[in-house]
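**Student:** Take this structure first; my questions come after.
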Amino acid sequence: MNAGERMRATYEFKPVDHLVRREFYIWPEAIERWKAEGLPRDYEEQNLFNYDPPGMVDVGLSLGWCEPPFEPGYEDKTIKDEGDTEIIQDVAGRWLRVFKGRRHGFMPDYIRHPVSCMRDWEEEVAPRLDPADPVRYTTIAGACAYAEECRRNENVMVRQGMVGGYMYLRALMGPEDLLVAFCEQPDLIHAMMRRWADVMNKGLEQVQRHVELDELAIGEDICYVKGLLISPDMVRSFLLPYYQEVIGNARRRQARKIYFNVDTDGWAEPAIPLYLEVGMDIMDPWEVASGCDVVRIGREWPDLVMTGGIDKRILAQDKDAINNHLEYIIPAMRDRGGYIPTCDHGVPNDVSYENYLYYRRRLCELDH
């Protein structure tokens, strides 16, 4: 069974020779730590962590993920030097207070977002989200041709990612001002979501002229440790109609089934029934610290494909803790099907090289 066949079988809840072997991602700081602890330079060539070859190829059209797909993006620049910290403007137009010389491994202090009112939106931000801008599509034919070649030669699945509506709105307004705007500026929210749908519809239409998709994935992050960051009524009013349009249009353009994947941190269970309303097939990464238990949730939602659920905190403990955690999850989820084991977010640098090697080895032993 090759990697593409294994991925497809997982999505279809069919038997596999072993579970898909990949990782969510690894912090660069963790890799640097591991190098000091003996990680060889050619660890990728050696496939030291026993990953499968990619079972999916991403078309890679810029439709956003954690930020809106601005064209052009804002200038990444320093606004103010504060000594140990500095205020910067990022490519999404946000002002952030960060540690000087660091952009990763901590939560920045968000000072300002690009939209506070309709005037900001119409004059400054909306022009950067023009779905007809030809610059957006200059590389699309080549990228789609490559994806189709990979599918033809290796039977991999073809994926396109995009920023989810909540993540998009939060990046434009900030989480607190966004909550107020849902109540006080609903016309602004709908104007921004109408443009989101226009950008996604146009982009996916361009992609699907060249290649049929297998997966459409959104970066959403709509949950936190206690559940949804906005109410179910707000989700249904301000997000789901636009999702129904975009996903429905994408599915109507082709005969091949499109799987819909939702990525959110936090306690994701309250979001499951909402996103099932618009045809969700897959959810990840099931953050354990927020109470997500893939074994229990997998029993409650037996038709949902699940990726993630391995507690990054346990990987930083000892081998007994890692083994107990994997013995709880892997046999049960292997028997259930529709599961890809990965860390429940990026592997951080408090995980030792020895522990990560043990985790990968033990995972492979348990997943046959």
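Every number in this text was worked out from the coordinates using simple rules, so none of it is lab data. Source: prediction; values computed, not measured. Cβ: placed from backbone, ideal geometry, glycine included. Neighbour counts: every protein chain shown.
**Student:** So how tilted is helix 175-184 from the main axis of the chain? Cα-based, degrees 0 to 90, rounded to 10.
**Tutor:** It works out to around 50 degrees.
**Student:** I would also like to ask the following. Once the Cα atoms of helix 353-366 and of the chain are each reduced to a long axis, what angle between those two axes, in degrees from 0 to 90 to the nearest 10, is obtained?
**Tutor:** 70
**Student:** Here's something else I'd like to know. Using a simple charge model, +1 on the beta-carbon of Lys and Arg, -1 on the beta-carbon of Asp and Glu, nothing else, what dipole does the chain show about its Cα centre, in debye to the nearest 20? Don't skip to the answer; put the middle values down first.
**Tutor:** Working: 44 positive and 64 negative charges, 138 e Å.
Charge dipole of the chain: 660 debye, to the nearest 20.
**Student:** Here's a follow-up. Strictly over 31 Å apart at the Cα level, which of K35/K312; K14/K312; K35/K257 would you flag in this model? Walk me through the numbers before you get to the answer.
**Tutor:** Working: K35/K312 19 Å; K14/K312 28 Å; K35/K257 42 Å.
Result: K35/K257 exceed 31 Å.
**Student:** Across bins of 20 angstrom width beginning at 0, how are the C-alpha pair distances of the chain distributed, in whole percent?
**Tutor:** 27, 59, 14
**Student:** As I understand it, the value is the acute angle between the Cα axis of helix 319-336 and the longest principal axis of the Cα atoms of the chain; what does it come to in degrees, rounded to 10?
**Tutor:** Once rounded, one gets 80 degrees.
**Student:** What fraction, in whole percent, of alpha-carbon pairs in the stretch 204-335 exceed 19 Å separation? Don't jump to the answer; show the numbers that get you there.
**Tutor:** Working: 4754 of 8646 pairs.
Of all Cα-Cα pairs in the stretch 204-335, 55 percent lie more than 19 Å apart.
**Student:** Now for a different question. Taking the Cβ of each residue in F182, F99, F106 as the centre, tally the other Cβ atoms inside 10 Å and list the residues starting with the fewest. Show your work: numbers first, answer last.
**Tutor:** On the way: F182 18, F99 13, F106 9.
Lowest to highest Cβ neighbour count: F106, F99, F182.
**Student:** Quick one: D367, D187, D293, fewest Cβ neighbours within 10 Å first, how do they rank? List each step's numbers first, then the result.
**Tutor:** Details: D367 19, D187 9, D293 16.
Sorted ascending by nearby Cβ count, the order is D187, D293, D367.
**Student:** Per-residue ellipticity at 222 nm for the chain, helices alone: DSSP H runs ≥ 4 residues times -39500 (n - 2.57), over residue total, nearest 500 deg cm²/dmol? All intermediate terms of the calculation are to be shown ahead of the outcome.
**Tutor:** Working: 14 runs with 147 residues, N = 368.
Helix contribution divided over all residues of the chain: -12000 deg cm²/dmol.
**Student:** Taking H as built 1.01 Å from N, whose amide H comes closer than 5 Å to the amide H of I111, not counting residues under 5 places away?
**Tutor:** W95, L96, R97
**Student:** Further, regarding this structure: Karplus couplings for the stretch 68-74 from phi (6.51 cos²θ - 1.76 cosθ + 1.60, θ = phi - 60°), rounded to Hz, Gly and Pro as x?
**Tutor:** x, x, 5, 9, x, x, 6
**Student:** Return the long-range amide H neighbours of M157 (sequence gap of 5 or more, or a different chain), with a cut-off of under 5 Å between placed amide H atoms.
**Tutor:** M56, V57
**Student:** Quick one: which residues, 5 or more positions from D265 or on another chain, have an amide H under 5 Å from its amide H? H modelled 1.01 Å from N in the peptide plane, none for Pro or chain starts.
**Tutor:** Here D221, I222, C223 satisfy the definition.
**Student:** Each residue of the stretch 272-279 in turn: what ³J(HN,Hα) in whole Hz from Karplus with 6.51, -1.76, 1.60 and θ = phi - 60°, glycine and Pro shown as x?
**Tutor:** Those phi angles translate into 4, x, 5, 6, 5, 4, 10, x Hz.
**Student:** Would you mind ranking D335, D52 so that the residue whose beta carbon has the fewest other beta carbons within 10 Å leads the list?
**Tutor:** Working: D335 9, D52 18.
Going from sparsest to densest Cβ surroundings: D335, D52.
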